[in-house]
Amino acid sequence: MPGEQLTCVWQAIYAQDRPNSVTMNKEVLKLFLTKASQYESIQFSERKFFDTFSEATVKFDDFKEYVKKNIREHGVAFSTTCNDLEEMSWIDLKSGMNSKLETEDVYKLWRISNRLMKEDTYPPVIFREEASWLLGKVLSNLGHNFKSSDDAFREDKFTFQEMLSIMEDFAFSNTSQQQINTCIDGLFMWLVVEVMKKGKVYKRTKKQANWTNWVKRWCVLTPHCLRYYSNDNESNQKGEFTFTKHTKVESLERYSGVMKNLKGRFRLANIPVLEMEIAVDDENEKRAWLSDLEEIIQCLRDKTTPVQKLLKERHLKNMATRDNKNGTIEQVEDIESALNKTKLRAEKQSKKQLFDTSIKVVEPEEKTKPKGPSLEKESTEKIKAMFMKIDTNGNGMLDKNEFADFLKGLGLNMSEKESNLVFNSVDTNKSEQISFEEFQIYFCNHIMNETETAECVNVMRKAFLEADRDGSGTLNFREFTEYVWEKNRNANMTKILKSFANVSTDEISFEDFELLVSGSGAEVLVPILEEEIEQGTDSSLDDFEGRLQKVYDDTEADELTIYIRERWNKFASFRRAGKTGSVVMTGGHGMVADIVPGEYSLIDLACFSDLPPLEPKHAVVKDTQWLSSTISGKSGKMIFPLEFDKKVPMEQATSELLRYYGCSFADSQQEQISLLFRHGIQDFTYENGYLEKYVTATNGGAGIEKHDFSHLDCPLSEDSGFFILAKFIDNGDFHITAFRLPVRHTLYVPGGVIHCNDYLKGTWRTMLSDETDIDHVHLTHVVKEGQEEKFRFQFT
């Protein structure tokens, strides 16, 4: 069936082996792949080649699997290897092409034809239906009508060279070169690059714990990724979002921020790596985007692409038409109509909140307390070292005098009014002192990350200072009105009056001004502030941000270590002697941490990252085989070698030991997780004899499993049995541990973790889902060569 890019290799082999026109010449194929190994994405082994293709004939489907499993370099995308093989094939073929078209146009038409050829033919050929369809597209792009293919195609199938000659005579003979270039390039982008959508959108991504600015970007959507550029000529790529079968899409309400109100918003998420929000012009445009994204993700799960899928469906319908004994002609839907049907389907779904809404991310404005971003240790230490420099009295808090002295030390000639305004921006709890947490959050939001908050707050500060004519630190109605009127002579006085009328006091502070910008005063203030941002006017406030960045850059990470060593030297050199004079207690070589005054969670204080990780006792099993079932609802088997004694070590579960398997106690940490499916929580009771009477006697024997949904498992009984956790490590060894869980402590098992509950006892409160398949395998032990039997673990 059409849709396979790798038909290019069959064409290259045929070009070198024309006398043998019936079957693939395996020796020529071997030489071709040997030469192709010059590409970094391809590794060729002659031994693996002959082990794979022991028969005289090489079938196309077998070759495709061979490319995926044997010659694709580890870690390289399958599509990259295919592209390199296609380029290698073209190098071998292009000199033999006979055409009046430009070489680049022939190359693109050839790549298009690779998607239309029937892959189990040698040489690969295009059937009349696909050839007619492609010619129709060419003529349509050139602005010509195409009523019948009878004049152009008199045979049932064609090689690319034959197809190329027909298209030159029938479509390109009386056409300008520019029209030909435009036509072929459009088809190439659609069928080969598979560009599904282009256009300008607003986007923002999550960096560390913060969202970046909303920026306008030119985006190109393909079945593999969403690329975004600074302009529409696609010459300056700024980044890309890669799709996987686990990518989640969520429809969102419109965005209402300090400076922007955006419609048509939705979120893409590769949890926990990357999140991106996009806003388009309106809800109709959003539905079109979501439709294409739904199609992409479903195709990734089916291991195909939207165009490839539709070409195959088209080919199957064409074959049914060809084989119809009554000669009735079945109407074949066009690819555009199929995509339109998908969009209509998506529109219906969007009315019920489109897609998986399991991702629930709290918007920044909904948070009751700001959270500092997760920083690397070195960055945190540098920020803390900066804080220590400003905190001259060493009490762990910055007052206004210390802050003003720091600004002077930076060489800034700030007025008291400007200094106080910045101080108050950092002092978010209005305690007249800045804690390290407040300083760190400010620094991360305004210096390290390009957030919308940073840019907006700066321009609002400038506006507020300019409007505050008397320097009182507040604005009255006259000052507010004069400022707006000077900045925008066309401002409607009624709207100005209405803006200030909603303020509860006669004098407004900077905090009130911020609320005014995002509330009743948005209509008159936002255009002024946006113009200020566009102009990018300099001020001492901007200079402050830049110099603070320089202090950070000039600060060495070990400055904090030196400070701490000097501050706590009496503890580090501590000695306590016994009655006989011998030392019975000493201080360590250095302080583990230096904690400044502030609010902390106990778990943050107790996480000592300098200690090496603990490993639980575990069995190490070599040469295991996990054989998943190909039938939904059926169990596969895991084969353990003859040397395995079936014994698994027992451990009392702790958070650190559970971490070895990627798990943790949910009731002892503050980590946020994303549930990708709908879950339910319920109590289950494992009666005495569960293992013998059900697992062994009824369910085919003991086993282990993995699945995409997450677990919570909380024992409510003292004698709760054993919870099995296991994993494969990089060298292929299999590690496994039997854990005892303390009563009323909740185990969190993320999706994908290998586990087993066959050995549980008593009542367990469990969270689980029914929305994904479970990959369950029975434990199978090699008794002797060629003989296996089922078994269950023994605990030591």
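Remarks
- Between C225 and F243, the built amide H atoms are under 5 Å apart, and every one of these is 5 or more places off in sequence or on another chain.
- For the stretch 645-714, a crude dipole built from +1 on the beta carbon of Lys and Arg and -1 on the beta carbon of Asp and Glu, taken about the Cα centre, is about 220 debye to the nearest 20.
- The stretch 579-735, dipole about Cα centre (Lys/Arg Cβ +1, Asp/Glu Cβ -1), debye to the nearest 20: 520 debye
- Residue-by-residue Karplus 3J(HN,Hα) for the stretch 171-176, coefficients 6.51, -1.76, 1.60, Hz, glycine and proline x: 10, 9, 5, 10, 10, 5
- Restraint check, K64/K303; K647/K727; K69/K94; K248/K286; K216/K260; K35/K69, Cα-Cα greater than 21 Å: K69/K94
- The packing ranking, built from the mean of other Cβ atoms within 10 Å per residue, places the peptides 479-485, 565-571 in the order 479-485, 565-571, highest first.
- With all protein chains in place and ligands, DNA and RNA left out, the 1.4 Å accessible area ranks H745, H755, H776 as H745, H776, H755, largest first.
- Largest accessible area first, the residues F608, F795 order themselves as F608, F795 under a 1.4 Å probe with ligands, DNA and RNA left out.
- Tensor-based shape of the stretch 73-114 (alpha-carbon gyration tensor, a/c under 1.5 rounded, otherwise prolate or oblate): prolate
- Take H224: with every protein chain present and a 1.4 Å probe, its accessible area is about 90 Å².
- Given charges at Cβ of Lys, Arg, Asp, Glu: the stretch 61-159 dipole, positive-most of Y107, F63, C82: Y107
- Area projected by the alpha carbon convex hull of the stretch 665-761, averaged over all directions, nm²: 7.5 nm²
- Ranked by how many other beta carbons lie within 10 Å on average, peptides 380-386, 768-774 from highest: 380-386, 768-774
The values are calculated or read from the model by the stated rules, or taken from the named source; none is laboratory data. Predicted, not measured: the structure shown is a model, and the values here were computed from it. All Cβ positions, glycine included, derive from the backbone under ideal geometry; neighbour counts span all protein chains shown. Only protein heavy atoms, including side chains, enter the accessible area calculation; ligands, DNA and RNA are left aside. Shrake-Rupley method; radii C 1.70, N 1.55, O 1.52, S 1.80 Å.
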